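Worksheet: the structure to be examined is printed underneath.
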Amino acid sequence: IKNTIAYKPETSQNFEFGTHLNLFNNSVQFDFSGFYMKVLNQQLSVMAGTYGYGRMMVNAGESYSCGVEASLRGNSFNNHLSWMLNYSYTRAVFKDYKDSIASPNGGYEMVNYKDKKVPFVPEHAFSAASDYRFDISNTGLRSIVIGANMNGQGKIYWDEENLVSQKLYFILGAHADA
C-alpha cells in the first residue's frame, strides 16, 4: 500500500536564456528564449495497473526538457493592423524511468522507458493572430475590429510507451468586434 499511495517530491534544475528586442522604432517586438530543465522524481499520473481502476501518482525517475520559444508581434498602418506570431519547440524525454507492468502470462515484467518522450508535452506549439481596426466617426461606435487567429500543437504522446499519440493539429478562429 505504501508504494501505491506514497511518492517522492519532484525537484528540478532550470536554465534559461533569452532576449527581448524592440525593432523598427518600436513597431515590432521580438522575444527569443532557450531552456533546459532536468527533473528528478518526476511525478506522473498513470493508470493503476495492479487493480485496473483509476489513476495513481508515480515517480518516473529522471527526465529532461529542452527547447526554444520565439515570439514576434507588431503594429502597422498607423496602429490599425496588429499581428503576432509565436512558436515553441520542446524535447521532453525520460532519462531514467523503469516500471513493472502486468504480464499477459500473469505476474509482472520490467519495462524501461529510457529515451521515450514524456507524455502530455506537445513537441511543437504555435499561434498566429491578426486584427484590423476600422475607425468610425459620427456614429455611436468608435471602431470595428475584424480578426483571425490560429493555434496549434503536437505531436503529443498520451502514454509512457509512446504507443498512443495525437498528431500535430491546429484550430482556426475569427472574430468581429464593434
What do you get for chymotrypsin sites (Phe, Trp or Tyr not before Pro) in region 131-168 restricted to DSSP loop and a cutoff of at most 12 other Cβ within 10 Å of the site's Cβ? Trp158
Report the charge-dipole magnitude of the chain in Debye, nearest 20, computed about the Cα centre from +1 at each Lys and Arg Cβ and -1 at each Asp and Glu Cβ. 120 debye
Take His175, project a point 7 Å from its Cα along the Cβ direction, then tell me which residues of region 104-148 have their backbone nitrogen under 11 Å from it. 130-131, 145-148
Using only alpha carbon positions, build the gyration tensor of the chain, then give the equivalent ellipsoid semi-axes as the square roots of 5 times its eigenvalues, largest first, whole angstrom. 46, 20, 13
Going by average Cβ neighbours within 10 Å, how do the peptides 167-178, 88-99 rank, with the highest at the top? 88-99, 167-178
Whole number in Å², please: accessible area per residue of the chain, 1.4 Å probe, ligands, DNA and RNA not counted. 66 Å²
What FRET efficiency would be calculated for the residue pair Leu21, Asn112, taking the C-beta separation as r and a Förster radius of 45 Å, to the nearest 0.05? 0.55
Grab the other residues whose beta carbon is less than 10 angstrom from that of Asn41, score K and R as +1, D and E as -1, and report the net. -1
Of all alpha-carbon pairs in region 58-104, indicate the percentage at a distance above 13 angstrom. 73 percent
Could you work out the Rg to Rh ratio of region 59-153, with Rh taken as the Kirkwood radius (inverse of the mean 1/r over all Cα pairs)? 1.36
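The values are calculated or read from the model by the stated rules, or taken from the named source; none is laboratory data. The structure displayed is predicted, hence computed values, not measured ones. Cβ sites come from the backbone with ideal geometry, for glycine too, and all protein chains shown count toward neighbours. We work out accessible area using only protein heavy atoms, side chains counted, and drop any ligands, DNA or RNA first. Shrake-Rupley method; radii C 1.70, N 1.55, O 1.52, S 1.80 Å.
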